[in-house]
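Since every read-out is calculated from the coordinates, none of them should be taken as a lab result. All values derive from a computational prediction rather than experimental measurement. Cβ atoms come from the backbone with ideal geometry, glycine included; neighbour counts cover every protein chain shown.
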Amino acid sequence: MVKKDEAIKIICQNKQARRNFFIDDTYEAGMVLVGTEVKALREGRANLTDSYAAVKNDELFLLDMHISPYSHGNRYNHEPRRMRKLLLHKREIRKIYGKTKERGFTIVPLKVYFKNGKAKVEIGLGKGKKLYDKREDLKQRDDKRDMERALREKHR
């Protein structure tokens with residue numbers, strides 16, 4: 001539940017994540033960023049496609065997230081696909097690590113947003129969907145859309 005004093009501005013979302021994975025748990029993590037990365041995020045220049053997170057040495061890192069260089073940056077501009085550290089409690093990292101050791105679980109970033117001026121990323125523990133699962137989801141979504149359309153036509 002979002003409190004009234006919490007201002008949330010979504011930067012980017014990974015729309016493919018919920019299509020390709022069954023998302024089990026979600027966590028909100030802070031990100032360790034350099035100055036030009038924050039400015040580029042405020043411009044909305046980020047992409048979560050093909051990104052994932054991994055646990056290394058009891059720390060959680062976000063890999064392959066692309067943040068374009070800041071438009072007014074100079075020679076100290078950041079590297080677009082660098083490894084970024086995620087900030088979570090130790091017990092949450094251990095729980096996530098335990099789940100990823102199970103068969104098929106992966107850590108998928110779902111969206112990046114600013115919350116009270118701080119850059120946050122929502123990560124989810126996901127299990128990959130098979131092709132028939134994706135087809136079933138599409139079929140259910142189409143059926144639901146058809147039912148809603150029929151109800152609207154009936155009430156006209």
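Key figures
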{"item": "When residues of the stretch 64-113 are limited to those that are more than 22 Å from residue 44 (Cβ to Cβ) and among the small types (Gly, Ala, Ser), the one farthest from the chain's Cα centre (by Cα)", "result": "98"}
{"item": "Residue ID - surrounded by the fewest Cβ atoms within 10 Å (Cβ to Cβ), chosen from residues in the stretch 91-108 that are more than 16 Å from residue 59 (Cβ to Cβ) and touching a strand residue (DSSP E or B) at 6+ places or on another chain (Cβ under 7 Å)", "result": "104"}
{"item": "Answer residue from the stretch 26-47, given it is among the small types (Gly, Ala, Ser) and either in contact with a strand residue (DSSP E or B) (Cβ under 7 Å, 6 or more places away or on another chain) or under 17 Å from residue 81 (Cβ atoms) (or both) and is surrounded by the most Cβ atoms within 10 Å (Cβ to Cβ) among those", "result": "40"}
{"item": "Top-ranked residue in the stretch 57-78 [being out of contact with any Lys or Arg (no Cβ under 9 Å at 6 or more places or on another chain) and surrounded by 11 or more Cβ atoms within 10 Å (Cβ to Cβ); ranked as farthest from residue 29 (Cα to Cα)]", "result": "77"}
{"item": "Pairs, first of a type in the set (S, T, N, Q) in the stretch 45-66, second surrounded by fewer than 18 Cβ atoms within 10 Å (Cβ to Cβ) and assigned to a strand (DSSP E or B), C-beta under 9 Å, six or more apart", "result": "47/66; 49/66; 51/63; 51/66"}
